[in-house]
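Worksheet: the structure to be examined is printed underneath.
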Amino acid sequence: QVQLVESGGGLVQAGGSLRLSCAASDDTSSALTMGWFRQAPGTERKFVAGINWSGITYYAESMKDRFTISRNGAKSAVFLQMNSLKPEDTAIYYCAAPLECSGNECYPHFASWGQGTQVTVSS
């Protein structure tokens, strides 16, 4: 199983931006669809964004206008650029791979998960 390590979380004011990174442990991730989920306190983990090996992207409907997912050239890392952040974006953000995606939803498929990175947006 691929190992995933997230970074880039932190505390930001409403309206600000953060860029999350997820690094995979080996090159096998290049063929995988990778993505991000988030979990706020007391809620279920929810899909945020995904990207496949060829660069096709998938977004949860409520986030596609503010969040952008991308991959590096070697496809061993994924990034989540988050703009115009709101207090309701406060959550732990998790990287996962592989995913099965269709439309505006992705699901973990025997996925590995990172340890998560905390994003806190103050009002």
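The values are calculated or read from the model by the stated rules, or taken from the named source; none is laboratory data. No experiment lies behind these values; they were computed from the predicted model shown. Because the Cβ atoms are built from the backbone with ideal geometry, glycine has one as well, and the counts that use them run over all protein chains shown. Just so you know, the surface numbers come from the protein's heavy atoms only, side chains and all, with ligands and any DNA or RNA stripped out. Shrake-Rupley method; radii C 1.70, N 1.55, O 1.52, S 1.80 Å.
Structural remarks
- Selection count where residues are farther than 19 Å from residue 103 by Cβ and of a type in the set (A, V, I, L, M, F, W, C), scope segment 55-79: 4
- Test for residue 42: is it on the phi > 0 side of the Ramachandran plot, open to solvent by less than 60 Å² (accessible area, probe 1.4 Å) and assigned to a loop (DSSP other than H, G, I, E, B): no
- Screening residue 84 on (1) part of a strand (DSSP E or B); (2) of a type in the set (Ser, Thr, Tyr); (3) open to solvent by 40 Å² or more (accessible area, probe 1.4 Å); (4) farther than 18 Å from residue 101 by Cβ shows it passes everything except condition (1).
- If you go through segment 17-29 and keep only what is open to solvent by less than 40 Å² (accessible area, probe 1.4 Å) and out of contact with any Gly (no Cβ under 7 Å at 6 or more places or on another chain), you end up with 24, 29.
- Matching residues, segment 1-16, being assigned to a loop (DSSP other than H, G, I, E, B), buried (at least 16 other Cβ atoms within 10 Å of the Cβ) and modelled with pLDDT of 95 or more: 8, 9
- Taken together, the residues in segment 87-108 that are open to solvent by 60 Å² or more (accessible area, probe 1.4 Å) and within 16 Å of residue 8 (Cβ to Cβ) amount to 0.
- Residue 68 vs. criteria open to solvent by 10 Å² or more (accessible area, probe 1.4 Å), without any contact (Cβ under 8 Å) to a residue 40 or more places away in the chain and under 10 Å from the mean Cα position of the chain (by Cα): yes
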